[in-house]
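Trainee: Input: one structure, supplied below.
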Amino acid sequence: MDTVATDAPRVARPSSLEAAISEFGDGAGVTVFAGGSILMVDLVYGRLAPERVLMLDRANMSGLRTQGERTTIGAMTTVAELETATEPLGASARGVADPEIRAQATIGGNLCAPPGPQNPRGDLQGSLIALGAQVRSVGDGGERTEPVEEFLASGTSGRLVLDVSFEAPSAGASASVRRPHAHSYTVLSVSGARSGGELRLAACGVAPHAVRLRGVERALAGGAEPEAAASRALEDATPAGDALASAWYREQTLPVLVTRVLHDLR
Ligand SMILES: Cc1cc2nc3c(=O)[nH]c(=O)nc-3n(C[C@H](O)[C@H](O)[C@H](O)COP(=O)(O)OP(=O)(O)OC[C@H]3O[C@@H](n4cnc5c(N)ncnc54)[C@H](O)[C@@H]3O)c2cc1C
């Protein structure tokens, strides 16, 4: 492992997963550096002054493995590598930013992305929730494997994400509104998937992190038609306005996207 100690932050660059876990420890005071597409900007603008940095680029944490019906994706797998993944994950990956950012950005960084001040981040989170994905992480209290929505709800700081895994769905669909821009930000997106006889739905761009649309799922389970079920989407979402769209616009658009996804999943 290369360790550089200067007056600047202490930087560790482990060359194995085991060394990365050991270096992370309980996570106190450690800034994990993955693709750096968020962190580099914060560092350059002086918004971040880390004491200890853990760089993961040599830690052997990337790649997709499929065993039977189960796919496991290492935390350092780039968003570009996921463009052809199972739907709706593939569509979410293709919608992130531009080819340069997708080549650098990782799934671990996307899961742990702090909410952006001017635009949503974490576009992969919704499709991972829809797929019923489980996140494996380490940190204070040891290793934990939990559903993505629980991981996001409990706060991602103090955890080192190792990988994400899910069973192949029988169907997947997504719909999004994107703002034409050189970096093509996603304003709002909805993902849905059927697996193990269950239909899960989630939305990005309507809260600080992706949310599962349980109100819609309950309405569908109770026999509601797609349009009626979709009107329940705001039970789980609290859209805010930002540089891309107003809260009102998101409130109006969310049920429309949910309806489209439900029709596509039929
Ligand atoms: C121009 C531009 C456009 C963008 N457009 C989009 C977009 O359309 N959609 C979108 O979702 N995002 C977008 N982003 C944000 C960003 O590129 C993605 O969210 C990306 O997936 C972040 O991954 P990263 O590896 O670069 O994260 P990093 O910048 O390395 O880290 C981001 C955060 O995650 C933490 N982290 C990273 N890996 C781990 C891990 N394994 N365990 C624990 N914590 C970890 C870091 O400590 C940090 O807090 C954009 C960024 C830029 C600069």
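Trainee: State which residue is farthest from ARG179 (Cα to Cα) when the search covers only region 68-90 and only residues that are in contact with a Ser or Thr (Cβ under 7 Å, 6 or more places away or on another chain), of a type in the set (Gly, Ala, Ser) and within 13 Å of the ligand (Cβ to nearest atom).
Mentor: Applying the filter and picking the extreme gives GLY74.
Trainee: Can you pull out the residues in region 31-76 that are among the acidic types (Asp, Glu), closer than 26 Å to PRO99 by Cβ and part of a loop (DSSP other than H, G, I, E, B)? If you could, list the steps in order and put the result at the bottom.
Mentor: The first filter runs over region 31-76 and keeps only residues among the acidic types (Asp, Glu), leaving 42, 51, 57, 69.
Remaining after also requiring closer than 26 Å to PRO99 by Cβ: 42, 57.
Listed by number, the list holds a single entry, ASP57.
Trainee: Name the residue, out of VAL32, VAL44, that is farther than 22 Å from SER165 by Cα and out of contact with any Asp or Glu (no Cβ under 7 Å at 6 or more places or on another chain).
Mentor: On the way: VAL32 fails: farther than 22 Å from SER165 by Cα.
Exactly one residue qualifies, and that residue is VAL44.
Trainee: As an exercise: evaluate GLY155 against (1) without any contact (Cβ under 8 Å) to a residue 60 or more places away in the chain; (2) surrounded by 24 or more Cβ atoms within 10 Å (Cβ to Cβ); (3) not hydroxyl-bearing (Ser, Thr, Tyr) and give the number of the one condition it does not meet.
Mentor: (2) is the only condition that GLY155 fails.
Trainee: Identify all residues within region 37-49 that are within 23 Å of ILE107 (Cβ to Cβ) and either crowded, with 17+ Cβ neighbours inside 10 Å or of a type in the set (D, E, K, R) (or both); write none if there are none.
Mentor: Residues of region 37-49 within 23 Å of ILE107 (Cβ to Cβ): 37-43, 48.
Within region 37-49, SER37, ILE38, LEU39, ASP42, LEU43 meet the criteria.
Trainee: Within the group ARG10, ARG70, which residue is surrounded by fewer than 19 Cβ atoms within 10 Å (Cβ to Cβ) and within 24 Å of the chain's Cα centre (by Cα)? Steps first, answer last, please.
Mentor: Numbers: ARG10 fails: within 24 Å of the chain's Cα centre (by Cα).
On inspection, the qualifying residue turns out to be ARG70.
Trainee: With respect to the numbered conditions (1) touching a residue at least 60 places away in the same chain (Cβ under 8 Å); (2) more than 18 Å from SER92 (Cα to Cα); (3) of a type in the set (Val, Ile, Thr), which one is the sole condition not fulfilled by VAL258?
Mentor: The one condition VAL258 does not meet is (2).
Trainee: Would it be correct to say that SER127 is within 13 Å of ASP163 (Cβ to Cβ) and either in contact with an Asp or Glu (Cβ under 8 Å, 6 or more places away or on another chain) or part of a helix (DSSP H, G or I) (or both)?
Mentor: Values: within 13 Å of ASP163 (Cβ to Cβ): no; either in contact with an Asp or Glu (Cβ under 8 Å, 6 or more places away or on another chain) or part of a helix (DSSP H, G or I) (or both): yes.
It is false that SER127 is within 13 Å of ASP163 (Cβ to Cβ) and either in contact with an Asp or Glu (Cβ under 8 Å, 6 or more places away or on another chain) or part of a helix (DSSP H, G or I) (or both).
Trainee: From (1) closer than 24 Å to ARG232 by Cα; (2) within 14 Å of the ligand (Cβ to nearest atom); (3) part of a strand (DSSP E or B), pick out the condition that doesn't hold for LEU160.
Mentor: In the conditions (1) closer than 24 Å to ARG232 by Cα; (2) within 14 Å of the ligand (Cβ to nearest atom); (3) part of a strand (DSSP E or B), LEU160 misses (1) alone.
To keep it simple, each residue is scored yes or no on (1) at pLDDT below 95; (2) out of contact with any Cys (no Cβ under 8 Å at 6 or more places or on another chain); (3) of a type in the set (A, V, I, L, M, F, W, C).
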site: ASP98; (1), (2), (3): yes, yes, no
site: PRO117; (1), (2), (3): yes, yes, no
site: PRO120; (1), (2), (3): yes, no, no
site: GLY139; (1), (2), (3): no, yes, no
site: ARG144; (1), (2), (3): no, yes, no
site: GLU167; (1), (2), (3): no, yes, no
site: SER170; (1), (2), (3): no, yes, no
site: ARG178; (1), (2), (3): yes, yes, no
site: THR186; (1), (2), (3): yes, no, no
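Trainee: Tell me which of these GLY109 doesn't satisfy, since it passes every other one: (1) assigned to a helix (DSSP H, G or I); (2) near the ligand (Cβ under 7 Å from one of its atoms); (3) under 15 Å from CYS204 (Cα atoms).
Mentor: (3)
Trainee: Continuing with the same structure: May I ask you to list pairs of residues, at least six apart or on different chains, whose Cβ atoms are under 7 Å apart, with the first in region 118-145 being more than 24 Å from ALA203 (Cβ to Cβ) and of a type in the set (A, V, I, L, M) and the second being assigned to a helix (DSSP H, G or I) and modelled with pLDDT under 95?
Mentor: From region 118-145, no pairs qualify.
Trainee: Can you tell which of ALA93, ALA28, ALA103 is more than 8 Å from the ligand (Cβ to nearest atom), surrounded by fewer than 16 Cβ atoms within 10 Å (Cβ to Cβ), part of a helix (DSSP H, G or I) and in contact (Cβ under 8 Å) with a residue 12 or more places away in the chain? It would help to see each step written out before you state the result.
Mentor: Values: ALA93 fails: surrounded by fewer than 16 Cβ atoms within 10 Å (Cβ to Cβ); ALA28 fails: part of a helix (DSSP H, G or I).
Going through ALA93, ALA28, ALA103 in turn, just one is more than 8 Å from the ligand (Cβ to nearest atom), surrounded by fewer than 16 Cβ atoms within 10 Å (Cβ to Cβ), part of a helix (DSSP H, G or I) and in contact (Cβ under 8 Å) with a residue 12 or more places away in the chain: ALA103.
The values are calculated or read from the model by the stated rules, or taken from the named source; none is laboratory data. Just so it is clear, the structure is predicted and the values come from calculations on it, not from any experiment. A quick note on method: Cβ atoms are made from the backbone with ideal geometry, for glycine too, and the neighbour counts reach across all protein chains shown.
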